[in-house]
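**Student:** What follows is a single structure, and I will ask about it in a moment.
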Amino acid sequence: MSYLEQEQQKALRPLGTHAGREGRGHLDAVISRLPESARPAVMEAFGKAPTWAKVRRANAALEGADANLQGPEVVVHLLASFNLEPIEAALRLGLACIPCRPQMQVAPLNTIEQHLLDQCSGVYREHNLATVVLWRIEELLPEALLPYSSGGADAAKERMESLWQRIETACCAYREMGKSPLVVATFPAPQQMSGLMLNSQLVGGALNAVAELNCRLRELAASVTGLHIMDWNWWATREGAAAFDPMMEQMARQPLSLQGALSLGLFVARHVRPFLAPRRKVLVLDADNTLWGGILGEDGLWNVKLGHEFPGRIFLRIQREARELKNQGVLLALVSKSDEAEVRQAFRELPDMVLRWEDFASRRVNFNHKYESLRAMAEELGLGIDSFAVLDDSDHEREQIRMFHPEVLVINQRSDPLHMLQALQSTDAFDAYSLTGEDRARHGEYQLREARSGRGHGANLEEFLHALRLEATVERVEEGNEQRVLQMLSKTNQFNLTTRRHRLEEVKALMEKPGSIGLTLRLADKFGDQGIVGVLLTVPDEGHRLRIDSYLVSCRALGRGVEECLWAELVKQALKDGVQGIVGEYIPTAKNALAEKFYNKLGFVQLEQTPSVTRYLMEPLKPVDPPSWLARKDEQ
Amino acid sequence: MIVETDRLRDLLVEFFELAPETALGDIVQERIAEWDSLAMVQLIVEIQNVFGVGFDVEEIEQLASYSQIRQALNRKGVKVSQ
């Protein structure tokens with residue numbers, strides 16, 4: 001394979017693969033902000049095999065979308081030391097993903113200073129949102145790449161100082177005379193360079209020049225208001241060789257591959273976005289499987305994973321990132337469907353806990369729907385719910401939030417803890433150039449939000465459940481599913497009416513009694529098969545009755561109608577068997593308060609109550625309709 | 001009649017927004033106004049990405065028509081029609 005073919009192979013890797021799965025996660029979040037009609041074309045353009053034709057189609061799809069959803073019209077000037085013209089369409093696509101209608105002005109090759117110093121240039125016009133400068137030492141300091149042909153260390157230092165003077169003069173002049181902000185890129189380390197080892201040692205070499213210039217740029221930005229840094233060097237390190245195309249550099253004086261150009265477009269967009277959209281103010285965190293591994297209410301305080309060993313260290317890192325955001329001025333909020341006393345205890349007693357209960361500006365630890373909790377928190381904090389961003393491991397909860405509050409940003413797309421950590425690290429939700437920069441947020445985003453807010457409103461819980469495409473399979477307890485039944489009997493704490501921890505022989509004995517009915521419910525939804533999540537065991541009782549021995553639903557399946565569906569099936573089978581009535585018991589434990597009123601809800605009559613058990617009866621039996629949103633897969 | 005699908009032809013027709021009935025012999029740089037040096041640069045990226053090949057410098061100088069591109073691809077073992 002020739003060198004060029006190897007380069008080509010690298011370039012054919014899908015965008016973000018070299019950067020890990022998280023690169024894709026950020027892209028998903030970006031695309032989710034776009035008008036729905038344009039998303040497929042945009043996804044295709046940023047996908048595995050981008051072509052210019054796909055980029056063109058994506059731009060057309062965005063331009064063809066509902067004008068209210070396209071975002072505000074925005075003028076951005078791009079200046080570069082190389083030729084941007086051949087990749088203009090890719091950069092435009094990136095900007096349009098802000099989302100906005102970009103009026104992108106690309107200056108001719110290497111006219112950075114001419115534009116920044118000329119008050120008649122477009123960069124000085126009133127409505128220019130921002131000017132972005134991209135430069136490389138390949139064009140501005142080419143001698144640094146050939147240090148042994150370009151004089152000694154003194155000559156190198158002189159060239160470097162004179163280049164810096166030009167940079168400083170141009171940046172300061174623009175900020176003194178102009179109104180719009182200036183975003184300057186750091187210099188990337190050269191992609192193609194000979195004499196790597198010698199150059200690595202040299203004070204006057206290319207690598208040191210890059211480091212020195214970037215250091216000075218940062219210092220300058222710290223002292224000049226409206227001058228901001230876009231760390232293009234960081235981008236180049238992360239994107240790697242696949243972002244560059246040496247043949248393009250030679251043919252078109254433009255160093256990027258198509259993949260690189262698309263990624264750069266998104267990167268530039270990210271750095272322009274803070275001038276349009278305010279940063280999110282609240283990070284809403286789930287607790288179980290988000291702040292620690294495992295479920296507090298099921299695994300127990302000392303079995304959850306949090307600490308310095310894998311995988312607990314991932315959760316530790318998530319907590320550290322959250323604390324860092326808090327110190328950057330982001331409010332933290334806790335929303336968890338668990339027992340508040342247990343969660344408080346975890347924050348108090350787990351030795352590796354980074355966050356404290358007090359770190360959260362608002363907390364909702366209860367069994368309410370999370371979308372309701374979010375609404376209540378927004379009221380409590382006096383903030384719009386559109387300033388919320390959520391990290392939650394549950395597909396179900398994220399989908400529900402998306403549906404009820406489309407204006408809330410859902411940071412992660414999957415439940416894998418590493419994905420969640422990386423999504424939190426790479427999100428643009430809390431982007432700001434400085435911590436007082438929020439005020440810069442302009443009008444455009446508000447209009448866009450208004451146009452959006454119509455959607456999603458009016459969604460109710462039942463519609464949401466229908467949209468999940470839930471499918472239930474109810475089966476008898478039998479040898480094939482006994483192990484799972486045992487596991488559920490031993491683990492389930494919250495929705496568990498009797499918490500009887502039977503052993504295998506006991507389950508077998510119960511099920512062998514003539515007339516006993518044991519049911520399991522397997523749940524699937526549009527995210528996949530969740531396995532068996534509900535168990536209902538009954539044994540014959542005197543007077544042609546059944547007694548419910550065990551009735552439990554896994555906490556990750558609560559709120560889907562699983563318990564009602566099992567009930568409907570039990571009644572159906574019991575009626576067929578000529579059963580007259582059903583006896584239920586509620587045995588309180590420290591953890592099952594959630595299930596306390598369940599038999600009342602079904603319409604049972606309370607027979608007697610002692611501190612250790614409440615007994616109920618339903619007689620006569622009447623057929624019950626199962627929940628309409630739960631399709632019975634086994635009956636189709 | 002068997003209709004041949006020609007991926008290179010489709011690519012060029014879409015890329016330059018040509019009429020679908022354009023004759024293969026008319027897909028030549030000097031007859032297509034949009035086929036300037038900038039388009040050439042993008043076209044090479046397009047062909048390389050779509051067909052999964054890389055061109056050397058010498059080859060790039062000989063990609064000025066449908067038939068030249070087809071020959072270059074054939075030399076690399078790429079079949080453009082099925």
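**Student:** Does the range A:94-123 hold any residues that are under 34 Å from the mean Cα position of the chain (by Cα) and not in a helix (DSSP H, G or I), and which are they?
**Tutor:** Those that are under 34 Å from the mean Cα position of the chain (by Cα) and not in a helix (DSSP H, G or I): A:Cys97, A:Ile98, A:Pro99, A:Cys100, A:Arg101, A:Pro102, A:Gln103, A:Met104, A:Gln105, A:Val106.
**Student:** Take the residues of the range A:44-84 that are under 23 Å from A:Arg273 (Cβ atoms) and among the β-branched types (Val, Ile, Thr): which is farthest from the other protein chains (Cβ to nearest Cβ)?
**Tutor:** It comes out as A:Val74.
**Student:** Quick check on this structure: which one of A:Arg136, A:Arg159 is assigned by TED's automatic domain parsing to the domain that holds A:Leu220 and either closer than 18 Å to A:Arg218 by Cα or of a type in the set (A, V, I, L, M) (or both)?
**Tutor:** Numbers: A:Arg159 fails: either closer than 18 Å to A:Arg218 by Cα or of a type in the set (A, V, I, L, M) (or both).
Going through A:Arg136, A:Arg159 in turn, the sole match is A:Arg136.
**Student:** Look through the range A:62-93, keep the residues that are of a type in the set (Gly, Ala, Ser), surrounded by fewer than 24 Cβ atoms within 10 Å (Cβ to Cβ) and assigned to a helix (DSSP H, G or I), and return whichever of them is modelled with the lowest pLDDT.
**Tutor:** Once the filter is applied, the top-ranked residue is A:Ala67.
**Student:** I would also like to ask the following. Can you find, within the range B:50-60, the residue that is surrounded by the fewest Cβ atoms within 10 Å (Cβ to Cβ) among those that are within 10 Å of chain A (Cβ to nearest Cβ) and over 11 Å from the mean Cα position of the chain (by Cα)?
**Tutor:** Our first condition is that a residue be within 10 Å of chain A (Cβ to nearest Cβ); within the range B:50-60, this holds for B:50, B:52-57, B:59-60.
Now restrict to residues that are over 11 Å from the mean Cα position of the chain (by Cα): B:52-57, B:59-60.
Numbers: B:Gly52: 14, B:Val53: 18, B:Gly54: 22, B:Phe55: 22, B:Asp56: 13, B:Val57: 10, B:Glu59: 19, B:Ile60: 17.
Here the residue is B:Val57.
**Student:** Counting just the residues of the range A:1-43 that are closer than 20 Å to A:Leu418 by Cβ and within 14 Å of chain B (Cβ to nearest Cβ), which one comes out modelled with the highest pLDDT? Give the derivation first.
**Tutor:** Narrowing the range A:1-43 to residues closer than 20 Å to A:Leu418 by Cβ: A:14-29.
Still in the list and also within 14 Å of chain B (Cβ to nearest Cβ): A:14-15.
On the way: A:Pro14: 42, A:Leu15: 45.
Step by step, filter the range A:1-43, then rank; the result is A:Leu15.
**Student:** What is the one condition in (1) surrounded by 14 or more Cβ atoms within 10 Å (Cβ to Cβ); (2) of a type in the set (Lys, Arg); (3) away from chain A (no Cβ under 14 Å) that B:Arg7 does not satisfy?
**Tutor:** (3)
Every residue, every condition in (1) within 17 Å of A:Thr237 (Cα to Cα); (2) among the hydroxyl-bearing types (Ser, Thr, Tyr); (3) surrounded by fewer than 16 Cβ atoms within 10 Å (Cβ to Cβ), yes or no:
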{"residue": "A:Ile167", "(1), (2), (3)": "no, no, no"}
{"residue": "A:Ser180", "(1), (2), (3)": "no, yes, no"}
{"residue": "A:Pro190", "(1), (2), (3)": "yes, no, no"}
{"residue": "A:Leu196", "(1), (2), (3)": "yes, no, yes"}
{"residue": "A:Gly204", "(1), (2), (3)": "no, no, no"}
{"residue": "A:Leu207", "(1), (2), (3)": "yes, no, no"}
{"residue": "A:Asn214", "(1), (2), (3)": "yes, no, no"}
{"residue": "A:Glu219", "(1), (2), (3)": "no, no, yes"}
{"residue": "A:Ser223", "(1), (2), (3)": "no, yes, yes"}
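**Student:** Kindly indicate whether A:Ser149 is loosely packed, with under 15 Cβ neighbours inside 10 Å, under 30 Å from B:Ile60 (Cβ atoms) and either free of Cβ contacts under 8 Å to residues at least 40 places away in the same chain or not assigned by TED's automatic domain parsing to the domain that holds A:Leu84 (or both).
**Tutor:** Yes: the conditions hold for A:Ser149.
**Student:** Taking the criterion of being in contact with a Pro (Cβ under 7 Å, 6 or more places away or on another chain) and surrounded by 15 or more Cβ atoms within 10 Å (Cβ to Cβ), would at least one residue in the range B:23-36 satisfy it?
**Tutor:** No - not one qualifying residue is present in the range B:23-36.
**Student:** If I ask for residues that are at the interface with chain B (Cβ under 9 Å from one of its Cβ atoms) and closer than 22 Å to A:Lys48 by Cβ, which ones from the range A:240-258 would you list?
**Tutor:** Selection gives A:Asp245, A:Met247, A:Met248, A:Ser257, A:Leu258.
**Student:** Take the residues in the range B:61-77 that are in a helix (DSSP H, G or I) and surrounded by fewer than 18 Cβ atoms within 10 Å (Cβ to Cβ); name whichever of them is nearest to the other protein chains (Cβ to nearest Cβ).
**Tutor:** Step by step, filter the range B:61-77, then rank; the result is B:Arg75.
**Student:** Would you check if there is a residue in the range A:371-393 being part of a loop (DSSP other than H, G, I, E, B) and at pLDDT 95 or above?
**Tutor:** yes
**Student:** Where residues in the range B:1-56 are part of a helix (DSSP H, G or I) and small (Gly, Ala, Ser), which of them is nearest to A:Trp52 (Cα to Cα)? Walk me through how you get there before you give the answer.
**Tutor:** We begin by selecting, within the range B:1-56, every residue part of a helix (DSSP H, G or I); these are B:7-15, B:24-26, B:29-31, B:37-51.
Pick out the ones that are also small (Gly, Ala, Ser) and you get B:25, B:37, B:39.
Numbers: B:Gly25: 24, B:Ser37: 15, B:Ala39: 10 Å.
Top of the filtered list is B:Ala39.
The values are calculated or read from the model by the stated rules, or taken from the named source; none is laboratory data. Quick caveat, the model's predicted, so the values are computed rather than measured. Neighbour counts are summed over all protein chains in view; Cβ atoms, including those assigned to glycine, are modelled from backbone coordinates with ideal geometry.
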